[in-house]
1. On a 1.4 Å probe surface of the protein chains, which of ILE97, ILE139, ILE118 comes out largest in accessible area, and what is the full order?
2. Amide H of CYS137 versus every other amide H placed in the peptide plane: which residues, excluding those fewer than 5 positions away on the same chain, fall under 5 Å?
3. Using amide H atoms built in the peptide plane, which far-off residues or other-chain residues are under 5 Å from LYS153 H to H?
Amino acid sequence: MSVKIIQSKCGLVLTCLLGQTMLLAAPVQAGVEGKSYDVNVNSSQGDNFTACFEFNANGSSLSFGRMDATATYSRTNLGRDQRNWQAVTNPNSEESIALSGQVKRDLVPDRRISGNAINSKGTTYTFNGTLLSEPTCPIENESEIGSENPFFK
């Protein structure tokens, strides 16, 4: 196998541009593990609120709404799809919720998430969020958000 060195300046520039294009075109996979997102939520009951989704680093739990709500989450497709995830709270509890979301593909791969949820009362939710700079959610002031988790209304 022989390698031909391109001697013209235009050929070298073209080769560099093609190489960068191929690098950027590679499939981007982004996970939510160890990240937190500020999300805007709309419910079928007409409630609109913000929440924070905090995915732990080992890829098993999601804290959301008031931080006392925790769900077990996993990536879809038997854990192989890093862009899509699903979560569920304990189904044996009085109140439970199932969430499904995906990481949006942007220029910055894991910057945004979106998805939907349904709780045990039949209320449905849609959400969109952006990545926080810190891996944990800020501590919420109960006087600002109320004592009831809005995901269980």
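1. Numbers: ILE97 5, ILE139 165, ILE118 85 Å².
Listed by decreasing accessible area, they come as ILE139, ILE118, ILE97.
2. The answer is none.
3. Distant-sequence amide H within range of LYS153: zero hits.
The values are calculated or read from the model by the stated rules, or taken from the named source; none is laboratory data. Because the structure is predicted, anything quoted here is derived from the model rather than measured. All accessible areas refer to the heavy atoms of the entire protein, side chains included, with ligands and DNA or RNA removed. Shrake-Rupley method; radii C 1.70, N 1.55, O 1.52, S 1.80 Å.
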